[in-house]
Amino acid sequence: MDLDALAGCLSSSACLVTQTTSGLIIGMLLFLVAVGLTLIFGVLKVVNFSHGAFYMFGAYFAMTAYQLTGSFALAMLAGAAGTALLGLIFERVFMSRVYGADVLMQLLVCYAFVLIFDDVVRIIWGPEFRSMGMPAAFQVMPLFIAGGVVPPYYLLLIGVALVAAIVLGIGLSRSRIGKVIRAAAHNPGMVSALGINTGLIYGGVFALGGMLAGLAGALAAPVRSLTPGMGFSVLIESFIVTVIGGMGSILGALIGALLLGLIRSFGSLGFPLFTEGLMYLFMVIVLVSKPTGLFGKEAA
C-alpha cells in the first residue's frame, strides 16, 4: 500500500492527466469487448465464454494486415471484419446447436473453443510473444496537457471507441434493425411469428459482438504484446464490467468499463499489490448494494 504516491498523484495535474488517460484507454478497450459480450447475452441469452478469443484474433489479424499493407486503417478493418466473419461462422455452426441447452453445456462448448482457438494461434503465428509496433503515423511527439503526457495514439483509441459506442447506441435505439434486435431479445417467439428470421438476427448479433471484440484487439495491438491466450484476462475483466454495469445494458458496460479502467490506473499507484483485488472488491460492493448491477433491470 502506497497512499502517499496516490495522494501525490491526485495533487499533481500532470500525474492526474497521465493516469486518467491510461485509465480511459483501459476502460475503452474493456468497453468494446464487454459491450459485445453483454449484447450477445441480452439477445441470445448465452454467456459467451469464448469471447476473449475474438479479441485475440482481432489483434493477430490486425498485426498481419499491417505487416502486409503498412496501413493501420486496413489493419483495424481486417481485425474487425475478420472477427465478425469468424463470429458468424462460430455461431451458425456451433453455438446455434446449444441454444436452450443447460448453461453448463454452453460453457463447456465455449471453453473448449477457448483452448482450440489458442492452439490455432500457436500453429499459425507461433507460441512466442509478438509485437505489432506503433504505426508510423503515430510515432510523433506526445501531447502535453496540463503537464501530463498523452500519446496521440491514445486519443485515436479513445475516439474510435467513443464513436463505436455512439453508433451502437443510436443504431439499437433508433434504426429499424435495432428495434428488431431489441424485440428479439424480449420476445423471440413473437418476432419469429411476424416472419422475421431470428436465426439471421442471432448470427448478426454474434458477428457484431465478435467485430467489436476484434476491433478492441486491433486497437490494442500497437500498445500490447500479442500472445496465445491473451484474450482470457480481458474476458475475465469484461465479465466484471458486465456484472458491474448490469447484464444486457450497453450504457452499463460503458460506465462499468470506465470505472474499472480508472480503478486499475489509480489503484496501481496506491495499491500496487492489490490492483486486481480492487476490481473484485468494487464488483462485490456494487452487487451487495444493487444485485442487478448499476443499470441492470430486475427479471420480469
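The values are calculated or read from the model by the stated rules, or taken from the named source; none is laboratory data. Values in this document were obtained by computation on a predicted structure and should not be read as measured data. When we count neighbours, we look across all protein chains shown, and the Cβ atoms used for this are built from the backbone with ideal geometry, even at glycine. The area values use the complete protein model at the heavy-atom level, side chains included, leaving out ligands, DNA and RNA. Shrake-Rupley method; radii C 1.70, N 1.55, O 1.52, S 1.80 Å.
Rounded if a/c is under 1.5, else prolate if a/b is larger than b/c, else oblate: which is segment 188-234, with a ≥ b ≥ c the root eigenvalues of its Cα gyration tensor?
It comes out prolate by the Cα gyration axes.
Give me the net charge for the shell around PHE206: Cβ to Cβ below 15 angstrom, other residues only, Lys and Arg +1, Asp and Glu -1.
Residues near PHE206 contribute +2 overall.
Given the Cα-Cα distance of SER13 and LEU104 and 0.36 nm per residue of separation, how much length would full extension add, in nm?
Here the answer is 27.9 nm.
Within segment 77-123, which chymotrypsin sites (Phe, Trp or Tyr not before Pro) sit in a loop by DSSP and count at most 15 neighbouring Cβ atoms inside 10 Å?
PHE94, TYR99
Quick check on segment 243-296: take the gyration tensor over C-alpha atoms, sort the square-rooted eigenvalues as a ≥ b ≥ c, and tell me if it's rounded (a/c under 1.5), prolate or oblate.
Taking the square roots of the gyration eigenvalues as a ≥ b ≥ c, segment 243-296 is oblate.
Just want to confirm a number: the relative contact order over the chain, from Cα pairs under 8 angstrom separated by 6+ residues, in percent.
Computed value for the chain: 39 percent relative contact order.
Mind checking the full-extension length gain between GLU128 and MET190? Use 0.36 nm per residue of separation minus the Cα-Cα distance, one decimal, nm.
17.4 nm
Would you rank ILE170, ILE240, ILE177 by solvent-accessible area, highest first, keeping every protein chain in place and using a 1.4 Å probe?
Output order, biggest surface exposure first: ILE177, ILE170, ILE240.
Taking all protein chains together and a probe of 1.4 Å, list MET279, MET105 from the most accessible to the least accessible.
In descending accessible area the options line up as MET105, MET279.
Pairing the Cα long axis of helix 250-270 with the longest principal axis of the chain, what angle in degrees results, from 0 to 90 and rounded to the nearest 10?
So the inclination is approximately 30 degrees.
Could you state the accessible area per residue of the chain in Å², with a 1.4 Å probe and every protein chain left in place?
46
Roughly what % of Cα-Cα distances in the chain sit above 31 Å, to the whole percent?
Pairs farther apart than 31 Å: 30 percent.
Give me the percent of accessible area attributable to carbon and sulfur for segment 127-283, probe 1.4 angstrom.
71
Pull out the extension gain between GLN67 and LEU115, defined as 0.36 nm times the separation in residues minus the alpha carbon to alpha carbon distance; nm, one decimal.
Here the answer is 14.6 nm.
Quick check: the angle from helix 198-220's long axis to the longest principal axis of the chain, C-alpha only, nearest 10 degrees?
In the chain, helix 198-220 runs at an angle near 10 degrees to the longest axis.
So if I place +1 on the C-beta of Lys and Arg and -1 on the C-beta of Asp and Glu, and nothing else carries charge, what would the dipole magnitude of segment 72-134 be about its Cα centre? I want it in debye, nearest 20.
About 140 debye.
Would you mind classifying segment 44-203 by shape? Square roots of the alpha carbon gyration tensor eigenvalues, ordered a ≥ b ≥ c; an a/c under 1.5 is rounded, otherwise it is prolate if a/b is larger than b/c and oblate if not.
Oblate, because a/c is 1.5 or more while a/b does not exceed b/c.
FRET efficiency for PHE232 and ILE285, Cβ-Cβ distance as r, R0 = 30 Å, nearest 0.05?
0.75
Give the accessible area for GLU276 in Å² (nearest 10); use a 1.4 Å probe, count only protein heavy atoms, and leave out ligands, DNA and RNA.
The accessible area comes out at roughly 90 Å².
Dipole of the chain (Lys/Arg Cβ +1, Asp/Glu Cβ -1, origin at the Cα centre): which of PRO188, PRO142, PHE90 lies farthest to the positive side?
The residue sitting farthest along the positive end of the dipole is PRO188.
Per the helix-only calculation at 222 nm, which mean residue ellipticity applies to the chain, given -39500 (n - 2.57) for every DSSP H run of n ≥ 4 and division by its residues, nearest 500 deg cm²/dmol?
That comes out to -25000 deg cm²/dmol.
Provide the net charge surrounding GLU237, with neighbours chosen by a C-beta distance below 15 Å and charges set as Lys +1, Arg +1, Asp -1, Glu -1.
+1
Sorted by average packing, counted as other Cβ atoms within 10 angstrom per residue and highest first, what order do 252-258, 71-77 take?
Listed from highest to lowest mean packing, they are 252-258, 71-77.
Could you list, by residue number, the cysteines of the chain that have no other cysteine's beta carbon within less than 4.7 Å of their beta carbon?
CYS110
Cβ neighbours within 10 Å, averaged per peptide: list 147-159, 57-69, 283-295, 208-220 in order, most packed at the top.
Packing proxy ranking, top to bottom: 208-220, 57-69, 147-159, 283-295.
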